[in-house]
Amino acid sequence: MKNLVTIAAIGKNHELGYKNDLIWTFREDLQTFKNITMGHYIVMGENTYKSLPVVLKGRKYLVLSPNLSSIPEGQVFGDLESFIEFAKSTDEDIFVCGGGMIYRLLLPHSGKMILTEIDDTFADATVHFPTFDREEWTIESSEDFTATHKDRQVAYKRNVYKRK
């Protein structure tokens, strides 16, 4: 689906998170996430929703979970099929924000990915981004960055992929 956009920050080995928290938090990357998703739908799983330290204002929440019946900030979908029906019913972009299971479920349906690909590893990661066939995607744009992480410089790229 053209309007389903996966957005994530991943390490060299597709590391995403550690104990329900982000591994890397670069100020520039977090600001870019905010700018890109502001005013749009964001979809996530129950654990990601519960792990957010604050409500991300200016976004319309969609949570995919069989355990929640409602949330104050948006809609809950009890199964993948009902979410896909909803996504097909709107032309508005929906940003897939995690966690690992949600990425695995929705990446096959995504028409675009915005990946912050970090030139670093984290051996203790508890959540990983799904592997994907790079041959199925074209890089539309790429930007290089460097940021400080735990008192050292770390390089990262932001690649925007479009499904072929």
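Here are some notes:
- Using the Cβ-Cβ distance between residue 73 and residue 142 with R0 set to 45 Å, the FRET efficiency works out to roughly 0.85.
- The lysine pair tally for the chain, using Cα distances under 14 Å and a gap of 8 or more places or different chains, is 10.
- If R0 equals 22 Å, the separation of the Cβ atoms of residue 55 and residue 82 corresponds to a calculated FRET efficiency of about 0.40.
- Average Cα contact separation per residue, the chain, under 8 Å, 6 or more apart, as relative contact order %: 33
- Taking the average, over residues, of other Cβ atoms within 10 Å as the packing measure, peptides 50-57, 112-119 rank 112-119, 50-57 from highest down.
- For the stretch 1-57: rounded, prolate or oblate by the Cα gyration tensor [a/c cutoff 1.5]: rounded
- Along the stretch 90-103 the Karplus relation, 6.51 cos²θ - 1.76 cosθ + 1.60 evaluated at θ = phi - 60°, assigns HN-Hα couplings of 10, 8, 6, 5, 10, 9, 7, 10, x, x, x, 5, 5, 4 Hz to successive residues, with x for each Gly and Pro.
- From most to least packed by mean Cβ count within 10 Å, the peptides 142-148, 81-87 give 81-87, 142-148.
- Distance in nm between pseudo-label sites at residue 2 and residue 164 (7 Å out along the Cβ direction from Cα): 2.0
- Entry note, the stretch 83-164: relative contact order of 34 percent, from Cα contacts under 8 Å with a spacing of 6+ residues.
- What the stretch 99-164 shows is 58 Å² of accessible area per residue, with the surface traced by a 1.4 Å probe over protein heavy atoms.
- Comparing 23, 139, 102 in a Gaussian network model of the chain where C-alpha atoms under 10 Å apart are linked, the largest mean-square fluctuation is found at 139.
- Rounded to the nearest 500, the 222 nm mean residue ellipticity of the chain from helices alone is -5500 deg cm²/dmol, with -39,500 (n - 2.57) taken per DSSP H run of at least 4 residues.
- Electrostatic dipole magnitude of the stretch 102-161 [Cβ: Lys, Arg +1; Asp, Glu -1; Cα centre; debye, to 20]: 180
- Between the residues 95, 56, 78, the greatest Cα displacement towards the positive end of the dipole of the stretch 51-164, with unit charges on the Cβ of Lys, Arg, Asp and Glu, is found for 56.
The values are calculated or read from the model by the stated rules, or taken from the named source; none is laboratory data. Here the structure is a predicted model, which is why all the values come from computation and not from measurement. A quick note on method: Cβ atoms are made from the backbone with ideal geometry, for glycine too, and the neighbour counts reach across all protein chains shown. These area figures cover heavy atoms from the full protein model, side chains too; ligands, DNA and RNA do not enter into them. Shrake-Rupley method; radii C 1.70, N 1.55, O 1.52, S 1.80 Å.
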